[in-house]
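First the structure, in the form of structure tokens, and then the observations on it.
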Amino acid sequence: MAAYQRKRRFANQTRDKDLDRLSGLPDKVILQIISLLPLKEIVRTSILAIRWKDLFSLVSDINIDDNNVIRKSLGNGYMNIVERFLFSRKRDVGINKFRLKCGKIVDPFRINGWIQYALGYHVKELDLTIGIKGFNELNFGVFTCKTLVILRLSMDKGSILSVPTYFRLPNLKVLHLGLMKCSDDGSVDRLFSGCISLEELHLRNCEVSNMNKLRVGNATLKKLFLSGFMGTDHEIEIIAPNLVHFSYYYTGTKGFSLINLNSLSEARIYIGPYLFSTIDFAPTATALMNGVSQARSLYLTLYSSKPILLTPGLVPQFPNLTYLNLEMGGCLPEWKILLANSPCLDTLVLDFEFSGSELESHNNGRDETEKVPGCLMYKVKIIKLLSFQGKPFESQVVEYILKNAKVLERFTVRLSGKKRLRTKISKEVRALSRVSKKCQVTII
């Protein structure tokens, strides 16, 4: 019994020492730590020590997530905890970040009240994930908040976002919209025109089947991310003279216009396989490539055994391109067409991860009469091959590169597959002759 008491006393002393070390930290640091906890645990910190009694009421980052509730029967208790917490906060403490994620437990009629609470405390970052089917009546104040800098809004599929006639977020810099459907073209136009300071825009898995044109025309926009649109009977128009980053997961569209993207530094384009089953998509895909032709860095992912896009005459010139990353599942043989139109290229990355066996029948560089891209001979200094497995067509690419890259300085091959095979491939690659005397080969 005495031994048990000594052990328990020692455990309590150790806990008290750990707590004392935490209590010795400045309030600002402690608040940053406890703000990372679930809301229920934040409230519980008030019983740790006298100094901690009111600290939870000073938290400026609020995270409400009903996924933390194990059983639906506990929902009312959780909602009451949320409202007691909000009511107990110091009135002179603003809200920096307010995150609300609900769908299983929270009653819909409470959502707008909690959002209004955050707006009343001059929230700067608002992150709303509302997975309640048919929830369409979002608090009007979200569209007119002058203090908002970041807004993330994701709703249940089928929820319709109707943007009010008066919409103005003068200080909004970052906007994320996901899993929602705008009521009409007018809502979209009001949405973007009301964000007069917008610098970063994300549109993810949005329903556009009821729209004729998705127009993004913000002069202040610097980063644009588009992915997973549902519906193909629409046009996309982007006018962004100060855009520096463009990322697009191409899922099909009736028309595409990229206008005045002369400031573009980096573009990331993914085009899926089913789009190439018909030539109808070729004009819009080509327009997309023309629109990003001023980029200095290009990440291009193409999955197709019928590379309609990468044919002579359809590939535009890339006069500023210095970095090219290609992940081209079914059309890797056409990589040289892009190189031929990129005179300033100095870094090339080829990813073989999803390349298929059908490539083995293609010519990958053994035609002696074929003209070698000028940039490969006189400009490219760094080349990386990823997911290299030593397939015949991959080996042909290696031979072609080492034979023609006259100023190549670094050639890196990242192997994949079984260890014994990797050892064999490594020896074969190192044994190949290379035209560049400065070339250093690295096998990973």
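The values are calculated or read from the model by the stated rules, or taken from the named source; none is laboratory data. These numbers come from a predicted model, not from an experiment. Cβ: placed from backbone, ideal geometry, glycine included. Neighbour counts: every protein chain shown. Accessible surface is based on the protein model in full, side chains and every heavy atom, while ligands, DNA and RNA are left aside. Shrake-Rupley method; radii C 1.70, N 1.55, O 1.52, S 1.80 Å.
Please give the length that would be gained between Asp27 and Leu58 if that part of the chain were fully extended, namely 0.36 nm times their separation in residues minus their C-alpha to C-alpha distance (nm, one decimal).
On the way: separation 31, 0.36 × 31 = 11.16 nm, distance 0.93 nm.
Once the chain is fully extended between Asp27 and Leu58, it gains 10.2 nm.
What is the extension gain from His202 to Glu353, computed as 0.36 nm multiplied by their sequence separation minus the C-alpha to C-alpha distance, in nm to one decimal? Provide the component values of the computation, followed by the final result.
Working: separation 151, 0.36 × 151 = 54.36 nm, distance 2.74 nm.
Result for the pair: 51.6 nm of gain on full extension.
Please give the FRET efficiency for Lys40 paired with Cys344, using the beta carbon to beta carbon distance and R0 = 56 Å, rounded to the nearest 0.05. Please report the intermediate quantities before stating the final value.
Numbers: r = 57 Å, r/R0 = 1.01.
Step by step, r from the Cβ atoms, then E = 0.50.
Share of the stretch 91-226's accessible area from carbon and sulfur, percent, 1.4 Å? Walk me through the intermediate numbers first.
On the way: 2960 of 5870 Å².
Exposed carbon and sulfur together represent 50 percent of the surface.
Sorted by average packing, counted as other Cβ atoms within 10 angstrom per residue and highest first, what order do 384-395, 90-101 take?
Numbers: 384-395: 18.7, 90-101: 15.2.
Output ranking for 384-395, 90-101: 384-395, 90-101.
Mind checking the stretch 108-216 for GluC sites (Glu not before Pro) that DSSP puts in a loop (not H, G, I, E or B) and that have at most 14 other Cβ atoms within 10 Å?
Filter output for the stretch 108-216: Glu137.
In nm, to one decimal, how far is the Ile132 label point from the Phe225 one, both placed 7 Å along Cα→Cβ?
Label at Ile132, label at Phe225, 2.7 nm between them.
Points 7 angstrom from Cα along the Cβ direction at Met377 and Thr144: gap in nanometres?
Between Met377 and Thr144, the simple spin-label model gives 6.7 nm.
Counting other Cβ atoms within 10 Å, keep those with at most 15, restrict to DSSP loop, and tell me which chymotrypsin sites (Phe, Trp or Tyr not before Pro) in the stretch 136-240 are left. Working shown, then result.
Details: sites: Phe140, Phe143, Tyr166, Phe167, Phe192, Phe225, Phe229; in loops: Tyr166, Phe167, Phe229.
Those satisfying the criteria are Tyr166.
If packing is taken as the average count of other Cβ atoms within 10 Å, what order do 35-46, 414-425, 284-295 fall into, highest mean first? All intermediate terms of the calculation are to be shown ahead of the outcome.
On the way: 35-46: 15.9, 414-425: 13.8, 284-295: 20.4.
Sorting 35-46, 414-425, 284-295 by mean packing, highest first, produces 284-295, 35-46, 414-425.
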